[in-house]
Amino acid sequence: MQNRYFHILFISLIHCSLFAGEGMWLPQLLKALNEGDMQTMGMKLNAEDIYSVNHSSLKDAIVHFGGFCTGEIISNNGLILTNHHCGYDNIQSHSSLEKNYLKDGFWAKNYSDELPNPGLYVRFIEKIEDFTDKALQGVNTNATVSERQSAIDKNIEAFVSNLKTDEFHEVFVRPFFDGNKYYIFYTVRYNDVRLVGTPPESIGKFGADTDNWVWPRHTGDFSLFRVYAGPDNQPANYAAENKPFTPKHFLPISLDGIDEGDFTMVFGFPGRTSEYLPSQAVINLLETQNPGKIAIRDAALKIQEKYMRADPGIKIKYSSKFASTANYWKKWIGESLGLQKTNGVEKKQKFEKEFIERAKKAKQYEDLVPTLNKLHQDIQPYAKALEYYRESALRNIELIRIMSTYRRLVRVYQNNDQEAFKKQVATALPGLEDFYKDYVHKIDLEVAVAVLTIYANDLSSEFIPKGLTKNNAKELADQWYTSTKLGSFDDIKGILQMAPADAIAKLSADPIYQFAEEWENTYNASVTPSYSKFSARIDSLQRVYMAAQMALFPGKKFYPDANSTLRVTYGQVEGFTPKDGIIYAPSTYLSGVIEKYVPGDYEFDLPQKLIELHETKNFGPYKDETGDVPVCFLGSNHTTGGNSGSPAIDAYGNLVGLNFDRVWEGTMSDINYDRSICRNIMVDARFVLFIIDKFAGAQRIIDEIKVVHPKKEQKAFDKALKKKHKAQQKAMKKDLKSAA
């Protein structure tokens with residue numbers, strides 16, 4: 001009898017593991033596609049608890065934070081939890097050498113101390129509906145890519161323009177499955193979002209770039225903001241008299257924590273994935289695109305880091321952009337290694353072989369894969385040149401990048417009257433002031449020399465702007481950066497205050513402006529036409545390829561690639577084996593933070609108070625059965641950029657962690673998810689509360705958070721959920737009856 005029990009348990013665990021991990025699922029489709037799998041893995045909720053239009057649900061606690069990250073509401077007073085790195089720019093904007101919130105942290109003592117952030121917003125999703133039939137109405141199946149898209153855009157515009165919306169309620173349509181499906185999103189946006197609290201970066205960014213994408217991880221990557229609303233709890237632009245927002249739903253925080261094998265769900269706004277590419281596209285990425293991007297960022301980062309280590313003022317100026325540049329530099333390195341380790345190309349080729357066999361039997365799509373792969377071979381030189389141009393001219397050489405602003409000014413003057421030029425100058429000046437505030441001329445000069453050298457040496461001559469050679473980058477850059485009149489805000493402000501004709505003459509004569517113009521012209525002539533031609537054909541066939549996969553593999557559940565829309569991914573708390581002889585446990589602890597401590601080091605220094613809390617074991621209720629405070633944990637949830645700040649939710653719908661990263665070995669999950677090494681990294685919610693309570697002493701924040709113990713009170717939670725589900729079913733029947 002005992003053997004039979006263990007056999008059944010083993011089969012059950014295998015069944016659970018088959019569904020854990022891969023997939024970024026649309027929340028409105030969970031009932032049809034995922035609810036059973038999720039409950040088999042241990043989830044106690046139903047699909048209606050997660051996404052509902054008619055009732056409060058988990059989706060009502062999830063926000064798109066600034067359009068680039070995720071956040072979640074964790075109190076009835078609109079308190080938002082997100083990552084430290086998601087709030088970093090706003091924390092930096094409030095920081096100075098005198099009030100360095102990056103270095104020292106910040107904790108508002110009351111509502112009036114909470115700091116406004118102009119331009120920062122959060123967006124809630126109210127409902128999502130299938131829009132495919134309306135989007136594709138009247139679209140000619142034989143239309144070109146541009147003709148098809150134009151017809152779809154007109155259909156969308158005609159529908160959306162007839163809706164009654166205001167400045168806070170937005171409606172947008174997004175394509176899914178490479179344009180085979182369309183969904184419409186009804187949203188509400190809140191523009192008054194204030195900084196409530198942040199740990200010092202020695203906690204919130206502990207390990208910095210060395211530990212980025214790496215496990216074991218010991219980073220308290222969180223910050224706190226608050227949504228404010230008008231007196232009627234409706235969206236409003238910033239006003240001092242606005243009140244904390246009352247949400248439809250907020251996430252309680254579980255103090256029971258996690259155990260290996262526990263169900264976890266991550267709810268958020270993943271940015272971009274490309275899971276359904278043909279094999280040649282992955283080969284291009286591995287052999288040309290990633291190596292080039294990595295080399296250019298590597299050169300820029302080494303130079304910036306040298307100056308940041310030597311000068312605290314430069315460190316403040318460059319911290320945010322250095323972190324942004326380093327983030328994907330390291331990600332691409334891990335992505336390439338992960339694709340190689342898991343035989344990503346070979347897996348694609350194996351799938352393509354089966355696809356072709358099925359296509360032959362079906363007598364359709366037989367030439368689709370070979371044609372797509374040939375197109376990716378043909379586009380490769382132009383795709384490489386495109387990535388090099390983006391990384392060089394549009395990102396890492398700062399003064400070249402800002403020339404695009406000056407080129408717009410010149411073109412406005414050439415195409416319009418002087419008044420239009422003056423208006424454009426007034427629009428551009430605040431952004432230029434912000435740019436030069438964090439710009440250091442000597443750093444950019446060194447970066448320009450290094451990057452231009454790589455560009456000239458790695459690309460074919462047809463892609464290199466006139467005057468630049470493999471050997472003269474330093475000579476040219478020294479000449480330009482010495483003689484430019486566009487190297488400071490005072491200089492450019494003086495030029496733009498001249499008479500328009502004089503200002504244009506001054507801008508146009510600048511050597512860096514002239515080189516940037518030449519570079520753009522070379523790119524537009526040698527890269528854009530061919531890249532656009534091949535890209536249009538690839539996009540058209542990729543849509544067909546996606547539809548063909550779904551047609552030829554009817555038993556497979558397909559999820560759409562990420563596109564910054566609301567998704568659910570679910571998995572388990574789980575360690576992994578990155579290489580032979582190494583096993584990673586799923587959790588890290590405060591003692592591990594202390595082990596990494598390096599006094600005075602900008603990545604691994606620690607606040608004295610945190611050290612004292614560890615020494616005195618003043619952990620409060622935030623320690624687990626080991627007697628230590630958990631810091632981070634791993635899960636097999638499928639995440640990507642944009643999921644930063646997403647809540648890790650337990651089987652009962654409570655917050656147990658905060659997603660902030662993936663393991664380096666598994667960053668190829670954007671292209672090829674492999675459960676053997678793909679893991680997401682989350683801050684343990686108990687560490688978040690420990691820092692707020694014991695380290696910061698921010699009792700007012702602790703007081704507004706609802707803490708629960710679902711594991712200890714499992715029977716009570718089960719009973720409450722059962723009652724809630726009965727009420728939902730009754731309400732749904734009533735709604736259906738009313739509709740009938």
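Some observations on this one:
- Ranked by how many other Cβ atoms sit within 10 Å of their own Cβ, fewest first, the residues Glu335, Glu167, Glu352, Glu713 fall in the order Glu167, Glu713, Glu352, Glu335.
- Cα gyration tensor, the stretch 489-620 - rounded (a/c under 1.5), prolate or oblate: oblate
- Fraction of beta bridges assigned by DSSP in the chain that are antiparallel (%, nearest 5): 95
- Where only DSSP H runs of four or more residues are counted, the chain gives -15000 deg cm²/dmol as its mean residue ellipticity at 222 nm, each run worth -39500 (n - 2.57).
- The loop-placed trypsin sites (Lys or Arg not before Pro) in the stretch 96-140, going by DSSP, that have at most 12 neighbouring Cβ atoms within 10 Å of their Cβ come out as Lys99, Lys109.
- Per-q log10 I(q)/I(0), the chain, q = 0.10 Å⁻¹ (Debye; single scatterer per alpha-carbon; no solvent): -1.16
- Looking at the stretch 311-407, the trypsin sites (Lys or Arg not before Pro) that sit in a DSSP loop and have at most 12 other Cβ atoms within 10 Å of their own Cβ are Lys363.
- Three-way shape call for the stretch 217-281 based on the alpha-carbon gyration tensor, with the a/c threshold at 1.5: oblate
- Scalar couplings 3J(HN,Hα) for the stretch 239-251, obtained by applying the Karplus form with A = 6.51, B = -1.76, C = 1.60 to θ = phi - 60°, are 8, 4, 8, 4, 10, x, 6, 9, x, 6, 8, 9, 9 Hz; x denotes Gly and Pro.
- The distance linking the stretch 229-243 with the stretch 137-189 is 31 Å (Cα centroid to Cα centroid, whole angstrom).
- In a simple Cβ point-charge model (Lys, Arg +1; Asp, Glu -1; nothing else charged), the stretch 528-656 has a dipole of about 980 debye relative to its Cα centre.
- When the square roots of the Cα gyration tensor eigenvalues are ordered a ≥ b ≥ c, the ratio a/c for the stretch 279-539 is 1.5 or more and a/b exceeds b/c, which makes its shape prolate.
- For the stretch 42-118, GluC sites (Glu not before Pro) meeting the loop criterion (DSSP other than H, G, I, E, B) and having at most 11 other Cβ atoms within 10 Å: Glu98.
- Cβ crowding within 10 Å ranks Leu445, Leu339 as Leu445, Leu339, fewest other Cβ atoms first.
- Rounded to the nearest 20, the Cβ-based charge dipole of the stretch 279-539 about its Cα centre (Lys and Arg +1, Asp and Glu -1) stands at 840 debye.
- Debye, to nearest 20: dipole size of the stretch 278-391, +1 on Lys, Arg Cβ, -1 on Asp, Glu Cβ: 360
Taken together, the values in this text are just the output of simple stated rules run on the coordinates, not laboratory data. It should be emphasised that the depicted structure is a prediction, and the values quoted were computed from it without experimental measurement. Quick reminder, even Gly has a Cβ in these numbers, built from the backbone with ideal geometry, and neighbours come from all protein chains shown.
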